[in-house]
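Structure record follows, encoded as structure tokens.
We did not get these values from a lab; they are worked out from the coordinates using the rules stated. Here the structure is a predicted model, which means the values were calculated and not measured. Here the Cβ positions follow ideal geometry from the backbone for every residue, glycine too, while neighbour counts run over all protein chains shown.
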Amino acid sequence: MQNRRLFWEIVEKIEESIDSGQYPCGGRLPPERVLADLFNVSRPTIREAIIALEVRGRVEVKTSSGVYVIEKAQDVTNQLPVSAFELTQARALVEGEAAALAVSSITEEELDRLHQVLIAMEKGIDAENADREFHHIISAATRNNAILYAVQNFWHLREHKQNIKEAYSNVCHGSVDKRLDEHRNIYNALKNRNPQAARMAMHEHFNRLINSLFDASEAQALEEIKRKNNETRGLYSINHLVEHKT
């Protein structure tokens, strides 16, 4: 498994084991060292996977006791009306500050992982996972689990709320070079240990995204107006009247 996908593949494999009944509800997951040996990964990778599983409502971490499988939480993403614009604004606010905060605590290993993700982006390999991993590394580098929890929930909304999925799909496949430049600017600011530059680079990234969402929304609205006008034109055209008369 490639490094950039390792963390998420571990999450998916553990979820599969939970869903299959291998790790039943109320039961405890194997210790961290056992999972690390089982999946042939480092213990920090297992810790990240456990955090993600906790965010997804699949496990509960009990201090000095272990990690327990819990009943799958009801998905509330469709119970609150959240637009793609609201999500993007929230991400800009939280992740801008997360980038600034991460400057003082991000490790050289994490910077190297960010660089590897950038290389994957440049090669166009699994762009969605690479993008998600990039933002996850930064939020984890804040050493603030509340921020990590918030960013993971933002991604959950992006991937599971239908209106947001559709809105993002209209803009995320375009401007590939701009997206790459924006992520590269964020990485350089973190590497240079410049919190203001990191904040600004993250804000610029989301500012471009929200403007792209507006452009796509306007284009869709114009297309709908054109479609309705064509229908009306056909209804009231002279040809239409003649056809009905003959």
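Using the per-residue mean of other Cβ atoms lying within 10 Å as a proxy for protection, in what order, highest first, do the peptides 22-28, 50-56 fall?
50-56, 22-28
For region 12-162, the calculated P(r) over all alpha carbon pairs, in 10 Å bins from 0 to the bin holding the longest distance, is 10, 34, 38, 18, 1 percent.
Placing unit charges on the Cβ atoms only, positive for Lys and Arg and negative for Asp and Glu, gives region 70-172 a dipole magnitude near 260 debye about its Cα centre. Suppose R0 equals 30 Å. What FRET efficiency, 1/(1 + (r/R0)^6) with r the Cβ-Cβ distance, do F85 and E109 give to the nearest 0.05? Computed FRET efficiency for F85 and E109: 0.25. Scaling against 2.2 N^0.38 Å puts the C-alpha radius of gyration of region 17-73 at 1.05.
Listed peptides 198-205, 106-113 appear in the order 198-205, 106-113 once ranked by packing, highest mean of other Cβ atoms within 10 Å at the front. The distance between label points at N144 and D126 comes to 3.0 nm (points 7 Å beyond Cα on the Cα→Cβ vector).
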